[in-house]
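What follows is a short report on a single structure.
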Amino acid sequence: MVVSGSSHAQAARRVLADRLRELRRDAGLDGKQLAALCGWHPSKVSRISTARTTPSADDLRAWCAACGREEETADLVASLRTVEGMWVEWRRMERSGLKRAQQAVAPLFERTTRFRAYSSWLVPGLLQTHGYTGDVLRAVQQRRVAVDDVADAVAVRMGRQRVLRDGHRRFAFLLEESVLRNGLGDAATQAEQLRRLIAVSALPNISVGIVPSQLHRTRMPVEGFWIFDRAQVNVELVSGHLTLTQPSEVAMYADTFATLAGIAVHGAKAHALITDAIAAIG
């Protein structure tokens, strides 16, 4: 099972804090001496050193200058930016509405040529129909977003689907079988969405796999995730949005995706499961 987003972010903060402690020790300084050189209260050095407080870019510059290691500043600031961008709470991302959150990922989708997506909850956004997307985003808006710009957000998500028509891009989608029967929307919306899955799976650059419910497996992710080329993983959790760029972490998700792909059914068998789900709608 994959570790929660907040845990990943805290681990990254600890790595940054550990590097700062190393610089201080290599310079032969204790916490009080470093604080005096930076013009800080000693407690600030302690909080940064133990990852209880995330330093600012100016804090990093002052720390490196005090340690006589200004050449380390650029790398440390880059690490800070990674920490800051790793974990974003939904309420911060969606503060001004859902449209902006949908627009924010556009550059990532435009530069990616190989997409891999696993979903245990919903049909992935690139495969959603207009009606299904509307129901999904309306549910999100009612639960946690004060601004009602659902119609605009739906339009942005629908526009993003143009990447599917680019034959130079490759897409692999894996859905838990339960996603086919999640009951989102009315019967017409559900049936339209399931028929859409069958239609897109016929395209030569798109693979749609269904992970059957009745399987014994030892690896069971609970969150959906996207892998963009080999560069980045995005994970959508209940409380926030996690971005991972460390090669080792991206590789872990890629391995998990490959394992799930190996037990999923594709082609005619996947179509049969989808067709059964359509029939069950009634």
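Just so you know, all these numbers are worked out from the coordinates, no wet-lab data involved. Here the structure is a predicted model, which means the values were calculated and not measured. When we count neighbours, we look across all protein chains shown, and the Cβ atoms used for this are built from the backbone with ideal geometry, even at glycine.
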Q: Could you tell me what percent of the DSSP beta bridges with both partners in the chain are antiparallel, to the nearest 5?
A: 60 percent
Q. Which semi-axes, in whole Å and largest first, does the equivalent ellipsoid of the range 5-88 have when worked out from the alpha carbon gyration tensor as the square roots of 5 times its eigenvalues?
A. 21, 13, 10
Q: For the range 173-211 and the range 96-151, write down the distance between their C-alpha centroids in whole Å.
A: 16 Å
Q | Two-decimal Rg to Rh for the range 94-281 - Kirkwood Rh, Cα set | A | 0.94
Q.
If N is the number of residues in the range 14-55, what value comes out of its Cα radius of gyration divided by 2.2 N^0.38 Å?
A. 1.03
Q.
Helix 247-263 against the longest principal axis of the chain: what's the angle in degrees, Cα atoms only, rounded to the nearest 10?
A. 20 degrees
Q. Between E192 and R91, what length in nm is gained on full extension when 0.36 nm per residue of separation is reduced by their alpha carbon distance?
A. 33.3 nm
Q: Kindly express, to the nearest 10 degrees and within the range 0 to 90, the angle between helix 267-281's C-alpha long axis and the longest C-alpha principal axis of the chain.
A: 80 degrees
Q | Label-point gap, in nm, between A106 and V147 - each point 7 angstrom along Cα→Cβ | A | 1.4 nm
Q. What does the charge count near S248 come to, summing +1 for each Lys or Arg and -1 for each Asp or Glu among other residues with Cβ under 13 Å from its Cβ?
A. -1
Q. At 222 nm, what helix-only mean residue ellipticity would the chain give, in deg cm²/dmol to the nearest 500, using -39500 (n - 2.57) for each DSSP H run of four or more?
A. -16500 deg cm²/dmol
Q.
Rg over Rh of the range 147-190, using C-alpha atoms and the Kirkwood radius, what does it come to?
A. 1.06
Q.
Out of all Cα-Cα pairs in the range 60-131, roughly what percent, to the nearest whole number, are more than 13 Å apart?
A. 79 percent
Q) Once the mean 1/r over all distinct Cα pairs of the range 140-215 is inverted, what Kirkwood radius in angstroms do you read off? A) 14.8 Å
Q. Given 5 Å bins starting at zero, what is the percent of C-alpha pairs of the range 242-282 in each, up to the one with the largest pair distance?
A. 5, 20, 14, 14, 12, 12, 12, 7, 2, 0
Q | Calculated diffusion of the range 94-201, Stokes-Einstein form, Kirkwood radius summed over Cα pairs, 10 °C and 1.306 mPa s, µm²/s | A | 109 µm²/s
Q) Gain in length, Q10 to A65, computed as 0.36 nm per residue apart minus the alpha-carbon separation, to one decimal in nm? A) 17.3 nm
Q. Tell me, what is the percent relative contact order of the chain, built from C-alpha pairs under 8 Å that lie six or more residues apart?
A. 20 percent
